[in-house]
Every structure is written in C-alpha cells, then in structure tokens.
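Notes follow the structure.
The numbers here are math on the coordinates, done by the rules we state, and not lab data. None of the values given here were measured: they were computed from a predicted structure. Quick reminder, even Gly has a Cβ in these numbers, built from the backbone with ideal geometry, and neighbours come from all protein chains shown.
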Amino acid sequence: MARFSERDRWPVDALVERWRDECLVEDGSLLFAGEQVWTAEHAQELVERFNERQLEDARSFDEKLTEQLADASRDGKLLMTEVIAVYLLFSANVGGTRKRELVSFVLGLAGEELPEGADVRQAFDTGIGGPGQAFNSFRPSCFSTSSVSLAGSRN
C-alpha cells in the first residue's frame, strides 16, 4: 500500500506495527518489554474508571486523570499511559516535547519513567497529520471511547 506524507513518518509506522503485534495481538506493552499491559482485565479497569465515573467539571485533564487513576492498579495506569501515547503518536500539531511530558506525567502516577531508549521517544518527534481542534478539546471523550472499544474487542 502506498503511503504519502510530507514528514518522515517511518518512526510512527514502525511503532504502530510493533503496537499492533506486541500489544493488540499479544497483550504486551509498548513501553515495557515483557509486561502484559493491553489485557481485557486492564481495559475493563479503565472502562470502570472513565466511562462509569466520568468527571464533568472545570478541572484540567491532568487533574481529572490523577483523581481517576488514584487507586488504579499499576498495570491500569500503564495501560492508560500507552493509550495516551498511541493517541498522541499521530499528531503533527503536538510537539515531541509535549507528548513526552504528557506520557511522563501519567507514567509518574504509576511510579515509572519513560525509558530512555524507547522507540516511542523518536516517533513522538514526528507525526503524520493535523487532527483538528477536537483532538485536544475533547481528549477525555476520546479516551473513554478507546477504552470501551478495547474492552469490547476482547470479550
């Protein structure tokens, strides 16, 4: 299949292929080799935290996320980190530094750090297109939808 982009998109394409194979097919982890993060159990935990306990107030995304993940399992927090990483991966409008900050913030809630040699670091410095204003404005809704789809695909 031919692919066109004005940007060098090979880091994104390579990471998406690895995500598909290691995470969606094998329940692995995008950031931590050998860990089982993308499981139905962890997806269900996120559904319960985000779809069933939606926070609709004026607080920032980070503040709401901190509350929703407060007593989540480590693996639930890692899954949310990786969902956010994949969500941010495609955007050329969000810079690599900001993408790493957001992912590092959520990893910090799990007591982890973004691994230095992670291929996601390089992929974050690019993107494949501009997703539009709703990409950032409606971020919480996108994560809730992603969680439902992920949990539903495994049952």
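Brief remarks follow.
- Most tightly packed first, judged by the mean number of other beta-carbon atoms within 10 Å of their residues, the peptides 34-42, 115-123 read 34-42, 115-123.
- Gyration tensor (alpha-carbon) shape descriptor, segment 1-112, a/c threshold 1.5: oblate
- Each residue, Glu101 and Glu22, gets one label point 7 Å from its Cα in the Cβ direction; the gap between the two is 2.7 nm.
- Among His42, Trp19, Leu79 - extreme Cα towards positive end, dipole of segment 1-84, charges at beta-carbon: Trp19
- Inter-label distance, nm, simple model (7 Å from Cα along the C-beta direction), Ala33/Asp71: 3.7
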